[in-house]
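Q: Next up is a structure, given as structure tokens.
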Amino acid sequence: MQNTVLKIDHVTHYFGGLRAVSDFNMELPEGAIWGLIGPNGAGKTTIFNLITGVYIPTKGKIYFRQERKFKKKSKDKNEQKGKKDSEGKKEQKEERFYMEDITRYKPHTIVSKGIARTFQNLRIFPNLTVLDNIRIAEHFRVKYGLYDAVMRNKKFKEEEEKIKEEAIKLLKLFNLHSRTYSLAKGLPYGELRRLEIARALATHPKLLLLDEPAAGMNPKETQELMDMILWIRKEFNLTIFLIEHHMKFVMGICEHIKVMDFGETIAEGTPQEVSNNPRVIEAYLGRKKYA
Amino acid sequence: MGSIFNLQQIINGIQIGSIYALISIGYTLVYGIIQLINFAHGDFYMVGAYAAYFAVMFSAARKEHPNVLIVLLISMTAGAIVAFLSNRIAYRPLRYKPRLSALITAIGVSMFLEYTSSAIPAIGPSYRAFPQSALIPEHTYKIGHAILSNYQIVNMSVAVVLMVVLTYIVQYTRIGMAMRASAQDKDAARLMGIDIEYIIDFTFIIGGALAGAAGLLTGITYPRINPYMGIIPGLKAFIAAVLGGIGSVPGAMLGSYILGFSEVFGMAINSILGEGIAYAILILVLIFLPQGLLGKKTGEKV
Amino acid sequence: MKAKETVQDKKIPLFKKRDFQLLVGTVIFWAIFYTLTKFGMMNLYWMHIINVSLIYVILTTSLNLINGFSGQFSIGHMGFAAVGAYTSATLTTIVWNLPSHGVGPFSLFILSVILGGIAAAFIGFLIGLPTLRLRGDYLAIVTLAFGEIIRVVINSINFVGGPRGIPGIPRFSSFTVIVIFTFLSVIVLRNIIYSSIGRALLSIREDEVASELVGVHTTYYKVLGFTVGAFFAGIGGALLAHLIQYINPLQFGFMATIYVLIMVYIGGVGSLSGSIVAAIGITFLSEGLRLGLDKLDQVTPFHVGPEWRMVIFSVLLVATMLYKTNGLMGDMEFKVLIPEEEDENAKHGA
């Protein structure tokens, strides 16, 4: 039995009168790579925005697997308390893990819980160095406060060294080491894509959301990206959920695919099943032919 | 309390509200299209007041009786010209720079207008009496306990006529449609063949003209003018625009009248703290209703 | 491996070379002007201008933390300075009624300056908390309105003199005191900027949504930056009150803030060095212009008012925005103001 990392439970979301997502359900198993496909405007990015707390769903809940810490947590006390009471029984069964309701959490809290993402249109910090881009993502793990920073004391220096070392290690893994001190805006597109993934990983996620990672890449780069994603999963022990238009990419890498159209889930299954599904062909591939 | 909510206060409220409305429409139009808080907008109003002042003084010197409509036209033209020039010289080159640089530039333009006016010996930094009786002789009417002057009647009726004309332009003319389209989506409007820069020029001209008219109307009813007279009404008109929902013309009008009434009643209750009521409204609106009364909610695209 | 070695190397100095240079530089600067005044070789008027310019360094760098580094837009900075000035002047002049000499009164004065900063920080926190969730230009309006509210409130409090202000404040802000406070303010701001907090602020400036989505609690940091900025504005205001010995609500109006704002934007958005240079440079330029315009007024047949000075500044501000949007120094720093371990990462000019 595999554990569920992320559970999306009957999520519906409206923008004004428009239903962007209707009754979306998902149980993402640990260590999997799942894909989300569908025509433009199907609501895919909205799903990512709902998971990461940018939007709060009109209806439904989102749960994320958490390791139980036996110490009392200080963050988001109230929200957690309410949840613990109602989920009390379920938690008893799983000893170390429980599903935490993250539906109404703020984006930065969700990041600290272990969900990181990249963006459809790159959103790196252009006027900062590559190193700073990474260090900012490590920021919420920094253990010094305003006082330590002002005094530049031993604690500050040790922590700073630690995160810098970690950042440089990460940059080396992504072959961005030579760019450490370059401004991010000067980097070529492919390196920016890698930097964005590295930045997401710097938050130490358990679940990585990739929004069209292969956008704008040629076939060779796309192939490299596929290899990289598989490698990331192994190296960082991650679960990955991605949105992509590139069919070969999705079919080649994802174990399970969900297909959306007009906010509804119209099909899901293995790449094989999905690509043979007549509704998918009609809604997605069919439309593409005329486009 | 009965003495506070009387007819006189209502008249005063409408009158102040009308002036705020004329200024805040310009704020809201400009903000709607280029998302710029044009700090210099209050100074267009000051320019309008001075243009009227000089027009009246000029005719008085020639022993002629000035025509109100011509003076109104002169202040509107002056406001429009200054607005047009500040857009062309200062704001337009910054169109694709970060929004805050345009905001700082607006502060610079505002300072420039204020201090240049007070540095020019013909205008000077001190208060001047607006020769309103040379323009229209004063009449007062008694309605119950309230006193209504013909200045107030001119003030309110000119404001209403101008607002009706403006609403007509925005709602029913080709250029008005283009303005609304540009406010919705500049890029789409451009692709539809709308010359955005032309629309922005036009928006500044309209806003400047209305502010100029407000300058004349203020001169008639509160006959003291100086180069810094635009700062506070400008700020309050902006608050009115925010209250009504920035970007919305009916919102700006509604917000202005609400603000006008609150100020008049607030001052009647406590004259020192009443001065601060506009700011209190601003802070409450921003906390509880950032999109304003008639504005649309906007979310950032991720 | 190499990276690791350099990290180890940098552990050694307790008293870092660059901090030392900065300290020595400041002491030399202080010693020169202190001796010149002591021996009467320095015009007291210009000494006063130096003091004022150093206080402007505090005000400008702290506003730069808010407007330049974290990308917010406050135009109520002098409102915070007013809170600081009124808090400390009320304490020293009205409550304690201190004489202007003695160790005891002097230490109470120092305490009042710190309390002035804390009061300003508290007000900054109260204003920042609800408004910093809003977009930058709304913050501008709220801070502007705040400046007006401060004025209305102070006007209505008789205890602090209402519109008449507080006269007869003891002159505690000596050159030495001002140099020490300026030095400490700059160092503290620098240390905040080159830390995880500073990076969080920068990321908010660059892309607030992305910043939130890599785990930065953006509201918290915006409020923190705003509060720290307000604290130093309060310190600056308190020092100013004890330098010019008289305060009234009008001194801290909108135009006073604009003056500081001009320094920030002409000096460089996101550059402490730029703020320091601009604060000193513009204070002197302003004084020079004032004297020059006076002369011009005497020699020309027509009247040349002091308003021309502000006309020149407004043109300067608009021209800077049009031709050098990020100010003269951009986000470059002088090397002495960059902590050594950030050398490679930071942009420096000189």
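The values are calculated or read from the model by the stated rules, or taken from the named source; none is laboratory data. The structure presented is a predicted model; accordingly, all values stated were derived computationally and were not measured. Here the Cβ is made from the backbone with ideal geometry for all residues, glycine too, and neighbour counts use every protein chain on show.
Q: Closer than 19 Å to C:Ala140 by Cβ, modelled with pLDDT of 95 or more and in a helix (DSSP H, G or I), is that true of C:Thr227?
A: When the stated conditions are applied, C:Thr227 passes them.
Q: May I pose another question? Give just the number: which of (1) closer than 30 Å to A:Glu165 by Cα; (2) modelled with pLDDT under 95; (3) not assigned by TED's automatic domain parsing to the domain that holds A:Gly186 does A:Arg96 not satisfy?
A: (1)
Q: Sticking with this structure for a sec: Among the residues of segment A:137-156, write down those that are more than 9 Å from chain C (Cβ to nearest Cβ) and either touching a residue at least 60 places away in the same chain (Cβ under 8 Å) or outside any helix (DSSP H, G or I) (or both).
A: Matches in segment A:137-156: A:Lys143, A:Asn153.
Q: Kindly provide the set of residues from segment A:157-215 that are under 20 Å from A:Phe140 (Cβ atoms), part of a loop (DSSP other than H, G, I, E, B) and away from chain C (no Cβ under 13 Å), ordered by number.
A: Residue satisfying the conditions is A:Lys206 alone.
Yes or no, residue by residue, for (1) touching a helix residue (DSSP H, G or I) at 6+ places or on another chain (Cβ under 8 Å); (2) under 17 Å from B:Leu216 (Cβ atoms):
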{"residue": "B:Phe54", "(1), (2)": "no, yes"}
{"residue": "B:Lys63", "(1), (2)": "no, no"}
{"residue": "B:Val68", "(1), (2)": "yes, yes"}
{"residue": "B:Ala83", "(1), (2)": "yes, yes"}
{"residue": "B:Arg88", "(1), (2)": "yes, no"}
{"residue": "B:Met111", "(1), (2)": "yes, no"}
{"residue": "B:Thr116", "(1), (2)": "yes, no"}
{"residue": "B:Ser126", "(1), (2)": "no, no"}
{"residue": "B:His139", "(1), (2)": "yes, no"}
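Q: So how many residues does segment A:169-205 have that are buried (at least 22 other Cβ atoms within 10 Å of the Cβ) and farther than 20 Å from A:Arg117 by Cα?
A: 0
Q: Of the residues B:Lys63, B:Lys97, which single one is free of Cβ contacts under 8 Å to residues at least 24 places away in the same chain, within 26 Å of B:Gly26 (Cα to Cα) and surrounded by fewer than 23 Cβ atoms within 10 Å (Cβ to Cβ)?
A: B:Lys97
Q: Quick test for you: out of B:Leu273, B:Leu289, pick the one residue that is within 13 Å of chain C (Cβ to nearest Cβ), at pLDDT below 85, more than 11 Å from B:Val242 (Cβ to Cβ) and out of contact with any Gly (no Cβ under 7 Å at 6 or more places or on another chain).
A: B:Leu273
Q: Right, something else. Would you point out the residue of segment C:150-163, among those that are without any contact (Cβ under 8 Å) to a residue 60 or more places away in the chain and either facing chain B (nearest Cβ under 8 Å) or crowded, with 23+ Cβ neighbours inside 10 Å (or both), that is farthest from C:Met255 (Cα to Cα)?
A: Here the residue is C:Ser156.
Q: So for segment A:126-136 (the condition being part of a helix (DSSP H, G or I), of a type outside the set (Asp, Glu), within 25 Å of A:Glu244 (Cα to Cα) and out of contact with any Cys (no Cβ under 7 Å at 6 or more places or on another chain)), does at least one residue qualify?
A: Taking every residue of segment A:126-136 in turn, at least one turns out to be part of a helix (DSSP H, G or I), of a type outside the set (Asp, Glu), within 25 Å of A:Glu244 (Cα to Cα) and out of contact with any Cys (no Cβ under 7 Å at 6 or more places or on another chain).
Q: What single numbered condition from (1) touching a helix residue (DSSP H, G or I) at 6+ places or on another chain (Cβ under 7 Å); (2) surrounded by fewer than 24 Cβ atoms within 10 Å (Cβ to Cβ); (3) charged (D, E, K, R) fails to hold for A:Asp132?
A: Condition not satisfied by A:Asp132: (2).
Conditions tested, residue by residue: (1) polar (S, T, N, Q); (2) in contact with a strand residue (DSSP E or B) (Cβ under 7 Å, 6 or more places away or on another chain); (3) closer than 26 Å to A:Thr109 by Cα; (4) modelled with pLDDT under 95.
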{"site": "A:Lys155", "(1), (2), (3), (4)": "no, no, yes, yes"}
{"site": "A:Lys185", "(1), (2), (3), (4)": "no, no, no, yes"}
{"site": "A:Leu207", "(1), (2), (3), (4)": "no, yes, yes, no"}
{"site": "A:Leu210", "(1), (2), (3), (4)": "no, yes, yes, no"}
{"site": "A:Pro219", "(1), (2), (3), (4)": "no, no, no, yes"}
{"site": "A:His245", "(1), (2), (3), (4)": "no, no, no, yes"}
{"site": "A:Val250", "(1), (2), (3), (4)": "no, yes, no, yes"}
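Q: Now for a different question. Look at A:Glu161 and say whether it is crowded, with 16+ Cβ neighbours inside 10 Å and under 30 Å from C:Pro339 (Cα atoms).
A: Yes: the conditions hold for A:Glu161.
Q: Can you name the helices (runs of 4 or more DSSP H) wholly within segment B:175-289 that have at least 3 residues being in contact with a Phe, Trp or Tyr (Cβ under 8 Å, 6 or more places away or on another chain) and within 28 Å of C:Val152 (Cα to Cα)?
A: Counting at least 3 such residues, we get B:196-221, B:231-244, B:249-269.
Q: Still on this structure, I have one more. Hey, could you check segment A:106-123 for residues that are assigned to a strand (DSSP E or B) and more than 7 Å from chain C (Cβ to nearest Cβ) and say which is farthest from A:Val5 (Cα to Cα)?
A: Only one residue tops the list, namely A:Ala116.
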